[in-house]
Amino acid sequence: MRLLTWNIQCGKGCDGVTDLSRIVAVARQTLDADVFCFQEVSANFSRFGDGADQSAQLAALLPGYSAIFRPAIETMDRAGSLHCFGNMTLSRLPVLQIANHLLPFPGAGGVRSMRRHALEVTVQASFGAIRIVNTHLEFHSADQRQAQITRLLDLQQDASGSPRQASSRHDEPYGSQTVAAASLMCGDFNFDVADPQHALIDRAGRPGLNYRDAWTANRLDRPRAPTCGIYDRVQWADGQDCRDFIFVTEDLVSRVRSIAVNEATDASDHQPVAIELA
């Protein structure tokens with residue numbers, strides 16, 4: 001299974017140009033992915049590009065993929081128009097289950113921040129069902145990020161402690177749910193690898209299957225590639241950083257065949273991260 005995760009910044013490159021066609025071209029050149037996980041997808045927010053529905057545009061640019069967009073932000077103006085902002089997962093593997101988890105938002109009125117979420121799409125890989133968790137955590141508030149990490153770990157503990165497989169028939173809700181214990185969690189976590197919040201996930205010791213950083217899962221001495229700050233020196237004035245990660249559950253660590261960052265593209269202020277599981 002091949003997966004690419006990328007904070008696409010609503011398609012806005014470091015040249016100031018918003019171009020979703022460029023995003024998709026770079027993503028496909030980076031990896032012939034079975035699953036694409038994009039963060040920062042806008043629908044009808046005029047500040048981003050032409051204010052269009054980017055989820056529809058991305059779906060059209062990737063035919064043959066099941067396109068799942070869910071918002072963290074879903075607001076309606078006085079004219080009744082809906083404006084959405086969130087994550088999008090596109091899969092050419094069979095999709096078994098979809099869940100959208102809104103993450104904690106403590107102290108929302110006291111700090112610049114916005115609602116965050118985790119889009120969970122369960123797909124059928126060759127080695128079994130796997131929950132792909134596509135997320136983007138808060139940038140401005142460490143306290144909110146901490147609460148969001150705790151919620152993500154709770155979700156994994158619940159799933160791995162009580163997995164279930166849907167029946168072959170989908171004629172009623174109770175028998176139509178798949179909960180896979182195995183999981184890959186990816187996205188923009190807005191902490192760097194030295195932050196204790198990274199260790200909260202990578203060194204978790206909860207009951208069931210825990211997440212491990214796929215970059216170091218098989219090679220602890222592997223140099224870390226930056227995922228932001230390479231080209232955008234305004235947003236990332238402090239220099240290059242690593243804030244985009246792929247975590248896999250312990251049962252998948254041995255399947256990590258390769259993981260790499262595309263450091264050559266400036267189509268977003270973040271870099272795409274690609275992984276292949278054997």
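The values are calculated or read from the model by the stated rules, or taken from the named source; none is laboratory data. Given the structure is predicted, the values throughout are model-derived calculations rather than measurements. Methodologically, a virtual Cβ is constructed for each residue, glycine included, from the backbone with ideal geometry; neighbour enumeration extends over all protein chains shown. Keep in mind that these areas ignore ligands, DNA and RNA; they rest on the heavy atoms of the full protein, side chains included. Shrake-Rupley method; radii C 1.70, N 1.55, O 1.52, S 1.80 Å.
Of everything in the stretch 247-278 that's touching a residue at least 40 places away in the same chain (Cβ under 8 Å), touching a helix residue (DSSP H, G or I) at 6+ places or on another chain (Cβ under 6 Å) and over 21 Å from ASP192 (Cβ atoms), which residue is surrounded by the fewest Cβ atoms within 10 Å (Cβ to Cβ)?
LEU277
Condition test on SER66, is it in contact with a strand residue (DSSP E or B) (Cβ under 6 Å, 6 or more places away or on another chain), among the polar types (S, T, N, Q) and free of Cβ contacts under 8 Å to residues at least 40 places away in the same chain? Outline the logic, then answer.
Details: in contact with a strand residue (DSSP E or B) (Cβ under 6 Å, 6 or more places away or on another chain): yes; among the polar types (S, T, N, Q): yes; free of Cβ contacts under 8 Å to residues at least 40 places away in the same chain: yes.
Yes: the conditions hold for SER66.
Of all residues being touching a His at 6+ places or on another chain (Cβ under 9 Å) and open to solvent by less than 30 Å² (accessible area, probe 1.4 Å) in the stretch 149-163, which is farthest from VAL95 (Cα to Cα)? Just the residue, please.
Per the stated criteria, the residue is LEU152.
Quick one: would you say CYS10 is in contact with a Gly (Cβ under 8 Å, 6 or more places away or on another chain) and in contact (Cβ under 8 Å) with a residue 60 or more places away in the chain? Give the steps one after another, and end with the answer.
Working: in contact with a Gly (Cβ under 8 Å, 6 or more places away or on another chain): yes; in contact (Cβ under 8 Å) with a residue 60 or more places away in the chain: no.
The answer is no for CYS10.
Within 14 Å of THR135 (Cα to Cα), open to solvent by 20 Å² or more (accessible area, probe 1.4 Å), part of a strand (DSSP E or B) and not aromatic (Phe, Trp, Tyr), is that true of ASN100?
Values: within 14 Å of THR135 (Cα to Cα): yes; open to solvent by 20 Å² or more (accessible area, probe 1.4 Å): yes; part of a strand (DSSP E or B): yes; not aromatic (Phe, Trp, Tyr): yes.
Against the criterion (within 14 Å of THR135 (Cα to Cα), open to solvent by 20 Å² or more (accessible area, probe 1.4 Å), part of a strand (DSSP E or B) and not aromatic (Phe, Trp, Tyr)), ASN100 qualifies.
Here are some conditions: (1) surrounded by fewer than 19 Cβ atoms within 10 Å (Cβ to Cβ); (2) in contact with a helix residue (DSSP H, G or I) (Cβ under 9 Å, 6 or more places away or on another chain); (3) at pLDDT below 90. ARG222 meets all but one. Which one does it not meet?
For ARG222, the exception is condition (2).
Kindly indicate the residue of the stretch 207-219 that is open to solvent by 50 Å² or more (accessible area, probe 1.4 Å) and in contact with a strand residue (DSSP E or B) (Cβ under 8 Å, 6 or more places away or on another chain) and also farthest from GLN156 (Cα to Cα) among those meeting that condition.
ASN218
Here is a list of conditions, (1) without any contact (Cβ under 8 Å) to a residue 60 or more places away in the chain; (2) under 13 Å from LEU184 (Cα atoms); (3) within 17 Å of the chain's Cα centre (by Cα), and ALA214 meets all of them except one; can you say which number that is?
(1)
All but one of (1) open to solvent by 60 Å² or more (accessible area, probe 1.4 Å); (2) in contact (Cβ under 8 Å) with a residue 40 or more places away in the chain hold for LEU119, so report the exception by its number.
(1)
Name the one entry in ALA204, ALA166, ALA194 that is part of a loop (DSSP other than H, G, I, E, B), loosely packed, with under 15 Cβ neighbours inside 10 Å and either modelled with pLDDT under 95 or not charged (D, E, K, R) (or both).
After ruling out the rest, the residue left standing is ALA194.
Taking the stretch 22-51 on its own, how many of its residues are modelled with pLDDT of 95 or more, buried (at least 21 other Cβ atoms within 10 Å of the Cβ) and not in a helix (DSSP H, G or I)?
Summing the residues that are modelled with pLDDT of 95 or more, buried (at least 21 other Cβ atoms within 10 Å of the Cβ) and not in a helix (DSSP H, G or I) in the stretch 22-51 gives 9.
For the condition surrounded by 19 or more Cβ atoms within 10 Å (Cβ to Cβ) and under 26 Å from ARG243 (Cβ atoms), what is the one hit in GLU138, GLU74?
GLU138
Of the residues CYS84, CYS10, CYS14, which is part of a loop (DSSP other than H, G, I, E, B) and either of a type outside the set (Phe, Trp, Tyr) or closer than 19 Å to GLU263 by Cα (or both)? Don't jump to the end; show me each part of the working.
Working: CYS84 fails: part of a loop (DSSP other than H, G, I, E, B); CYS10 fails: part of a loop (DSSP other than H, G, I, E, B).
After applying the criteria, what remains is CYS14.
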